[in-house]
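A.B. asks: Right, I'll just put the structure down here and ask away after.
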Amino acid sequence: MPPSANAAAHPTASAQPLLELRGVSKTFPGVRALDDVSMQIFPGEVHMLLGENGAGKSSLIKVLYGAYSADSGEIVCEGRPVEIREPADARRLGIAVIFQEFSLVPFLDIAQNIYLGREPRRALTRLVDRARMHADAREKLAALELDYDTRTLASDLGIAQQQMVEIAKALSQDARILVMDEPTASISDREADALFRVIGRLRAAGVAIVYISHRMKEVFALGDRITVLRDGRRVASMGARETTPDALIGMMVGRTVGTVYERQRFPAVGDVALEVRRLTTGTGVKGVDLVVRSGEIVGLSGLVGAGRTEVARAVFGADPVTGGEVRIFGEHVRGGPERAARHGVGLIPENRKQEGLALLRSVRDNLLAASLWRLFPSGWFRAPVARRKAKEMIDALRIATPDADRRVRMLSGGNQQKIVIGKWLAAGCRLFIFDEPTRGIDVGAKSEVFALMEALMEKGAAVLLISSELTEIVHVCDRAYVMREGRIAGELPRDELSEQKILRLAMHGESKAEPA
Amino acid sequence: MTALRDRFGDEAVAFALRLLLIAAVGVALAVFTEGFLSAANILNVLRQASLIFLLASGLTLVLLAGGFDLSVASNLTLAACLAAGVMQATGSPTFGALTALGCSTVAGIANGLAVTLLRLPPFLATYGTLWILQGLAFQYMGGNEIYGFPAGFRQLGTGFLWGVPVPVYLMAMVLVLGTLLTRKLNIGYEIYAIGANPVAARLSGIPVRRRQLLVYTLSGLMAGVAALVYLARVNSADSGIGEPLLLPVIAAILIGGTSLFGGVGSLLGTVAGAIILSLVINGMNLLNVRSTWQPLVVGAVLLVAVLADLASRGRRERIG
């Protein structure tokens, strides 16, 4: 039954919006998360929210939900200015958010989850009226044409079913605005079909739906109106029929924040450093092929959740490989990070502080963490040698620290990142995997990281660069693979690298389910 | 200063604090009591400290690596009971010793496997083995007591060599070997790295599980060593022999500045902690303080030591 047909019967500017944002801004130290964003949400519409990673979608949801309060601007609900300071305020206004991570309590059943904290009670005894709770829950589910057994424990539900229960829960709280954050990201096509039918029914009932998606087909099949964000600003809002996928991608790209580093040198490309064939993992990588040669920087792009980090972790041996193979400098390597590290692979992980560093240990200790086996092959640790090596790394990478004994926690993000890189430099790595290396570091440090990357490459190292910043991929890489849903969606040589082309590969293509 | 730091690492300040504390308690006791300054008394304090240290040393390594071993005391109990039984049956201290060390090491390996292979949280895994080892000791002893061991064996706990109690030599030996391990070998460096952040350690190519297995194994082995020394000293074994040691051992480690959360501390610190604990208890005995007061004082000393660490660390970081 689908949704898309009634766009015509749809609210026009004359109708009163259910909710309206007027010039909402939210600033964090160093980042303008939302910059003067205005947006109208009408009853009975599916409003698609689009934007690259970091464009401000999550911040916008958090403002709607009361997790952040806006620094300036106004939120108007049915013509009345309102304040959303905490989630309870949002709930009172009928705003519900279905996050990607669900919040059901695993050891409670469906009915208990739906009515958690507001169970129906018997008049006299004030005890929970279980019969009524289950009857009410069944009714809520029936309204969504679901006939789940309300005594099923949440832990026994699949992801799509949990999502449905979350929706039922939201509706039982009289939600009139349902915000869904990439609801089809981890469910099957058939389940997505069911979800689209439910969305269609809700819309017909006058519920407003704000829907974040990276799948173009969904955007056009489901959406009535579309708002595009970029760099925390609203680029445009329009009816779904008034635009095209390419036009939308054009609006999303062209971010201006952050540095654009210009690649300086292109040395001759050498032998194959990393060869990945039909790589499959339990973490969601589905048959990935890729090749990185010495002397080149290869990008691995795609949207968050496309499986890029998972590829990196599998190559490094941090997650088990369930299918396919990884060859490092021609050798088939198995046996965890320990083996990969000894074959010359270094991973600069995405979460520096959790996975890359021991924050309470010294600069020296962190710099040497990956190279003990190389510096002291006999197993005897020699402090003077360690001190010399650490000094060498501090100088080579220009790490700003008063001395090598300083705890890493006291340093800036950029210097911390250099330490993670230095750790692998000291270990004599020849294949570097950078996973979002510029996240959370300042502009100057970003340039330094790329300059370093180039220097490594010039000395014959191979680099695999994972980045959500399209500009970084476009300006730094020799070529790039683009991932979508655990697979390689395409490969772009340098002369074809552009933000548009990357986004098109990352977002287009066969969607889940045709909401037909 | 750099050389000092290289030798003692970040713990130099913490250790200096402990020396101060030992000196302060020592001076106080020398002033306020009669018998404290006698050689016999001081050697007695050291003997007491070395017993605590021997059992605490393995646990210190486990804590440095970010784990926990609650089973050390019941491991000691079972090892002591089995060694006593074997010695009674065979008359051979050698067989007794081998039994104790073998049994306790196997228990340590079991702990290590529970943590690395079964991936049980260390606290849970070793709490389980605490009960199991204690249960085995109950079964084996059946409520009986075994006493009276060969004089040669008893030297291990009561004997003197050049005027110093034998256990004190053992303490020194374990301290030297352990410090060699933690400061002079890659393995020791890796143990600290794992304790500080196991995820980052793994992603730096450090063989995390092998090192974890090693520290639990050593903790088991040291429980066996401590069992022998303790058995030789008290000259009798029953199934309750180890239980009263668990909390003092943990207290000594904490007073010594080793963190419960991994990556911070040292064996030298635990020696200091064991000496401070023994001094405090000895002092209270000399001062005729009723024994019911002892836990209260030990708790206070422990908190003072931990707070002093926090304060000194905080100040250093703010300066930096």
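A.B. asks: Filter the range A:323-358 down to residues that are within 9 Å of chain B (Cβ to nearest Cβ) and of a type in the set (Asp, Glu), then give me how many there are.
C.D. replies: 2
A.B. asks: Out of the range A:141-169, which residues are among the charged types (D, E, K, R) and within 13 Å of A:Gln112 (Cα to Cα)?
C.D. replies: Matches in the range A:141-169: A:Asp149, A:Arg151, A:Glu166, A:Lys169.
A.B. asks: Is at least one residue of the range B:167-179 touching a Lys or Arg at 6+ places or on another chain (Cβ under 8 Å) and within 14 Å of chain A (Cβ to nearest Cβ)?
C.D. replies: No, the conditions are met nowhere in the range B:167-179.
A.B. asks: For the range A:194-260, please list each of the strands (runs of 3 or more DSSP E) lying entirely inside it that holds at least 3 residues being over 22 Å from the mean Cα position of the chain (by Cα) and not assigned by TED's automatic domain parsing to the domain that holds A:Gln500.
C.D. replies: A:233-239
A.B. asks: Continuing with this model, one more query. Looking only at the range A:154-193, which residues are in a loop (DSSP other than H, G, I, E, B), in contact with a strand residue (DSSP E or B) (Cβ under 8 Å, 6 or more places away or on another chain) and on the phi < 0 side of the Ramachandran plot?
C.D. replies: Those that are in a loop (DSSP other than H, G, I, E, B), in contact with a strand residue (DSSP E or B) (Cβ under 8 Å, 6 or more places away or on another chain) and on the phi < 0 side of the Ramachandran plot: A:Gln173, A:Ala175, A:Arg176, A:Pro183.
A.B. asks: Looking only at the range A:379-402, filter to residues that are surrounded by fewer than 20 Cβ atoms within 10 Å (Cβ to Cβ) and facing another protein chain (nearest Cβ under 9 Å); which one of those is nearest to the chain's Cα centre (by Cα)?
C.D. replies: It comes out as A:Pro402.
A.B. asks: Right, another one. Which number in (1) in contact with a helix residue (DSSP H, G or I) (Cβ under 7 Å, 6 or more places away or on another chain); (2) farther than 20 Å from B:Val301 by Cβ marks the one condition that B:Gly265 misses?
C.D. replies: With respect to (1) in contact with a helix residue (DSSP H, G or I) (Cβ under 7 Å, 6 or more places away or on another chain); (2) farther than 20 Å from B:Val301 by Cβ, B:Gly265 is out only on (2).
A.B. asks: Within the bounds of the range A:364-371, is there any residue that is within 14 Å of chain B (Cβ to nearest Cβ), buried (at least 23 other Cβ atoms within 10 Å of the Cβ) and of a type in the set (Ser, Thr, Tyr)?
C.D. replies: Within the range A:364-371, one or more residues are within 14 Å of chain B (Cβ to nearest Cβ), buried (at least 23 other Cβ atoms within 10 Å of the Cβ) and of a type in the set (Ser, Thr, Tyr).
A.B. asks: Looking at the structure I just gave you, is B:Leu214 within 14 Å of chain A (Cβ to nearest Cβ), part of a helix (DSSP H, G or I) and touching a residue at least 24 places away in the same chain (Cβ under 8 Å)?
C.D. replies: When the stated conditions are applied, B:Leu214 passes them.
A.B. asks: Which one of the conditions (1) in a helix (DSSP H, G or I); (2) in contact with a strand residue (DSSP E or B) (Cβ under 6 Å, 6 or more places away or on another chain); (3) of a type in the set (D, E, K, R) does A:Arg151 fail to meet, given that it meets all the rest?
C.D. replies: So the condition that A:Arg151 fails would be (1).
A.B. asks: Still on this structure, please answer the following. Has the range B:187-194 got at least one residue that is in contact with a Pro (Cβ under 7 Å, 6 or more places away or on another chain), in a helix (DSSP H, G or I) and within 14 Å of another protein chain (Cβ to nearest Cβ)?
C.D. replies: No: zero hits.
A.B. asks: Residue by residue through the range A:323-342, note down the ones that are in a loop (DSSP other than H, G, I, E, B) and surrounded by fewer than 17 Cβ atoms within 10 Å (Cβ to Cβ).
C.D. replies: If the condition is that a residue be in a loop (DSSP other than H, G, I, E, B) and surrounded by fewer than 17 Cβ atoms within 10 Å (Cβ to Cβ), then A:Gly330, A:Arg334, A:Gly335 are the ones that fit.
A.B. asks: B:Leu310 - would you say it is away from chain A (no Cβ under 14 Å) and either within 29 Å of B:Met173 (Cα to Cα) or in a helix (DSSP H, G or I) (or both)?
C.D. replies: no
A.B. asks: Please find, among B:Leu180, B:Leu161, B:Leu221, the residue that is among the hydrophobic types (A, V, I, L, M, F, W, C) and over 18 Å from B:Gly58 (Cα atoms).
C.D. replies: B:Leu161
A.B. asks: From the set of residues in the range A:66-117 that are in contact with an Asp or Glu (Cβ under 6 Å, 6 or more places away or on another chain) and small (Gly, Ala, Ser), which is modelled with the highest pLDDT?
C.D. replies: Step by step, filter the range A:66-117, then rank; the result is A:Gly94.
Yes or no, residue by residue, for (1) among the basic types (Lys, Arg); (2) crowded, with 19+ Cβ neighbours inside 10 Å; (3) closer than 13 Å to A:Gly232 by Cα:
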{"position": "A:Ser38", "(1), (2), (3)": "no, no, yes"}
{"position": "A:Glu45", "(1), (2), (3)": "no, yes, no"}
{"position": "A:Ile61", "(1), (2), (3)": "no, yes, yes"}
{"position": "A:Ala67", "(1), (2), (3)": "no, no, no"}
{"position": "A:Cys77", "(1), (2), (3)": "no, yes, no"}
{"position": "A:Pro87", "(1), (2), (3)": "no, no, no"}
{"position": "A:Arg91", "(1), (2), (3)": "yes, no, no"}
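A.B. asks: Within the range B:155-189, how many residues are crowded, with 18+ Cβ neighbours inside 10 Å and more than 21 Å from the chain's Cα centre (by Cα)?
C.D. replies: Total satisfying the criteria: 1.
A.B. asks: Can you tell me which residue within the range A:305-322, out of those that are of a type in the set (Gly, Ala, Ser) and within 12 Å of chain B (Cβ to nearest Cβ), is nearest to B:Ala201 (Cα to Cα)?
C.D. replies: A:Ala318
A.B. asks: Then there is this: Could you tell me which of the residues B:Ala227, B:Ala237 is in contact with a strand residue (DSSP E or B) (Cβ under 6 Å, 6 or more places away or on another chain) and of a type in the set (A, V, I, L, M, F, W, C)?
C.D. replies: Within the list B:Ala227, B:Ala237, the selection yields B:Ala237.
A.B. asks: Note down all Cβ pairs under 6 Å where the first residue falls in the range A:404-424 and is more than 10 Å from chain B (Cβ to nearest Cβ), the second is part of a loop (DSSP other than H, G, I, E, B) and small (Gly, Ala, Ser), and they're at least six residues apart or on different chains.
C.D. replies: A:Gly413/A:Gly440; A:Asn415/A:Ala400
The values are calculated or read from the model by the stated rules, or taken from the named source; none is laboratory data. This one's a predicted model, so the numbers in the text were calculated from it and none came from an experiment. Backbone-built Cβ (ideal geometry, glycine too); neighbour counts: all protein chains shown.
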